[in-house]
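These notes are about the structure you will find just below.
The values are calculated or read from the model by the stated rules, or taken from the named source; none is laboratory data. This one's a predicted model, so the numbers in the text were calculated from it and none came from an experiment. Positions of Cβ are generated from backbone atoms using ideal geometry, with glycine treated the same way; all protein chains shown enter the neighbour counts.
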Amino acid sequence: MVGEISTPGSKRPARHPGAAEPGGFILEPAASPVVTAVLVDAAFFIKGMRRLYGRAASPELVAKKLHATGLKHLNEWDGERWRRVANLHRIFVYDGRPPSWKGHAPISGDPVDLGCSPETQWRTAFHDALRKMRKVALRLGRVTRPQRGQAWRLRATALRDLRRGRLTWDALEDGHFELDLRQKGLDMRLGLDVASLAFKRQVNQIVLVAGDADFVPAAKLARREGIDVILDPMWRKVPDDLAEHVDGVRTVWPNPGSDEAPGPQD
């Protein structure tokens, strides 16, 4: 539990703040230490890393940068150097479990095995790297299996080209479609973690590395319990309804369009 500033049973004397009175003793109040939990939307973070390092960034590199980001939020720049101002409770990472769906392509009918795809292998290695890191808790959702004949959907770009006459229905190819796989359980896991952190008084600050309005209910709950909620959007636009329910916005990463140094180090 955080936030205790005195021992139960102690009292401050009324007549003189620096002298003990009969029947009691003095404990000078100390500043409550800041204990921080960092909650990271992994899909959001990976997109940000690929903007900085390209799609060739290895899963081990991205995992190290995620861990470094959590640690960097414990520090504050005082004009000359970074100074530690908070203690880390834990870094919670929320991601979807790599899909293992097997089926057929929508146009050609070629067999598709997502379990062998490069993205699934990359995500699996990313999760394995996170599991080995200190103070990291990995929360994985589950992927719902699509019903027969409903696995694919037309990409937004292809639909736009169809409307504008740049593409015809006869010219559609497999690449114009994407799998309609949905993650379940992540919002529930995040909500349970925030509720536990708040009601058990395990932390007094939460840092959200995210940019999705799905985090709004969790942010509202934390603030109602007196927790300082900081948002790190990694220089992306923050939805108005999310910005309304945080206490501040701070990113420890340089703007991808600037000439600043490349962000948190390992």
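For residues that are buried (at least 17 other Cβ atoms within 10 Å of the Cβ), closer than 13 Å to Val40 by Cα and touching a strand residue (DSSP E or B) at 6+ places or on another chain (Cβ under 7 Å), tally how many sit in the stretch 195-215.
Within the stretch 195-215, residues that are buried (at least 17 other Cβ atoms within 10 Å of the Cβ), closer than 13 Å to Val40 by Cα and touching a strand residue (DSSP E or B) at 6+ places or on another chain (Cβ under 7 Å) number 6.
For the stretch 255-263, check the following and say yes or no: at least one residue is modelled with pLDDT under 90, hydroxyl-bearing (Ser, Thr, Tyr) and surrounded by 15 or more Cβ atoms within 10 Å (Cβ to Cβ). Within the stretch 255-263 (the criterion being modelled with pLDDT under 90, hydroxyl-bearing (Ser, Thr, Tyr) and surrounded by 15 or more Cβ atoms within 10 Å (Cβ to Cβ)), the answer is no, since none of the residues qualifies.
Has the stretch 86-98 got any residue that is in contact with a Gly (Cβ under 6 Å, 6 or more places away or on another chain), among the hydroxyl-bearing types (Ser, Thr, Tyr) and not assigned by TED's automatic domain parsing to the domain that holds Glu173? Within the stretch 86-98, not a single residue is in contact with a Gly (Cβ under 6 Å, 6 or more places away or on another chain), among the hydroxyl-bearing types (Ser, Thr, Tyr) and not assigned by TED's automatic domain parsing to the domain that holds Glu173.
Contact map, the stretch 209-237: first residue over 15 Å from Asp193 (Cβ atoms), second residue basic (Lys, Arg) and assigned to a loop (DSSP other than H, G, I, E, B), Cβ cut-off under 8 Å, separation 6 or more or different chains; pairs are Gly211/Arg236; Gly211/Lys237; Ile230/Arg250; Leu231/Arg250; Asp232/Arg250.
Counting only residues that are without any contact (Cβ under 8 Å) to a residue 60 or more places away in the chain and within 16 Å of the chain's Cα centre (by Cα), which one in the stretch 161-194 is nearest to Pro146 (Cα to Cα)? It comes out as Gly185.
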